[in-house]
């Protein structure tokens, strides 16, 4: 019996899996804030790397407090996401841009982006599950800064140790304007869910005051980043 016509008919009837190429360019819009290594990932809409109003996962906490995206990358890999990790090969400075190309992204996928913002205690820039358009074209979105809700925003520099999950303090103040000797901008974190960040308060006292960040350099307002997505 010749089964070739039936096999061909079955193949033609099977749904074709359509894939897209998605190019992502991200620009830091702030005056004095740096982004730690970025994770850009396209994945099923069934999943989220973070959600506003929800408690941060341990993986998100690790990223938001110390800039380590490895845990979130493990999650992305486990859900068959298409990802680009650390496209800037380090910190993304104010006014700087970086880009990545995601190949073979399935139609109907969503885009998530995360990176810690420095200086901050547990602040991060991100977008949560933005629907990638099926139509080819170029799209622009603005990204906000979020607070993971996992650490008090004391704005005190504790180099190295400050980046460990659950350890108070900021791990670094890149660039200029970092101070020491602050007493703490806050002592409690009323909202322990992921929420829009209030921004750094800071002060102008480099050797004291309440904060180790400079209010003339390290304050910000949303949005903090702009992302241009090209779909092919």
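When restricted to residues that are at pLDDT 95 or above, in a loop (DSSP other than H, G, I, E, B) and either surrounded by 13 or more Cβ atoms within 10 Å (Cβ to Cβ) or within 18 Å of the chain's Cα centre (by Cα) (or both), segment 184-203 contains 12.
Which ranges mark the strands (runs of 3 or more DSSP E) fully within segment 76-134 that have 1 or more residues being touching a residue at least 24 places away in the same chain (Cβ under 8 Å) and closer than 30 Å to residue 186 by Cβ?
Numbers: elements: 82-85, 97-106, 110-118, 123-131.
Here the list reads 110-118, 123-131.
Looking at segment 158-166, is at least one residue buried (at least 17 other Cβ atoms within 10 Å of the Cβ) and touching a helix residue (DSSP H, G or I) at 6+ places or on another chain (Cβ under 7 Å)? Outline the logic, then answer.
From segment 158-166, those buried (at least 17 other Cβ atoms within 10 Å of the Cβ) are 158, 162-163, 165; that's our starting set.
Filter once more, keeping what is touching a helix residue (DSSP H, G or I) at 6+ places or on another chain (Cβ under 7 Å): 163, 165.
The answer is yes, given that some residue of segment 158-166 is buried (at least 17 other Cβ atoms within 10 Å of the Cβ) and touching a helix residue (DSSP H, G or I) at 6+ places or on another chain (Cβ under 7 Å).
Would you call residue 64 touching a strand residue (DSSP E or B) at 6+ places or on another chain (Cβ under 6 Å), part of a loop (DSSP other than H, G, I, E, B) and under 20 Å from residue 224 (Cα atoms)? Answer is no for this residue.
Being crowded, with 17+ Cβ neighbours inside 10 Å, in contact with a helix residue (DSSP H, G or I) (Cβ under 6 Å, 6 or more places away or on another chain) and over 29 Å from residue 232 (Cβ atoms), is that true of even one residue in segment 49-62? Yes - at least one qualifying residue is present in segment 49-62. Inspection of segment 208-218 identifies no residue that is within 29 Å of residue 99 (Cα to Cα) and either part of a strand (DSSP E or B) or touching a strand residue (DSSP E or B) at 6+ places or on another chain (Cβ under 7 Å) (or both). Restricting 179, 149, 160, 169 to residues that are free of Cβ contacts under 8 Å to residues at least 40 places away in the same chain and within 24 Å of residue 69 (Cβ to Cβ) narrows the list to 160.
The values are calculated or read from the model by the stated rules, or taken from the named source; none is laboratory data. Note that this is a predicted model, so its numbers are computed, not measured. Reconstructed Cβ throughout: ideal geometry from the backbone, glycine too, with neighbour counts over all protein chains shown.
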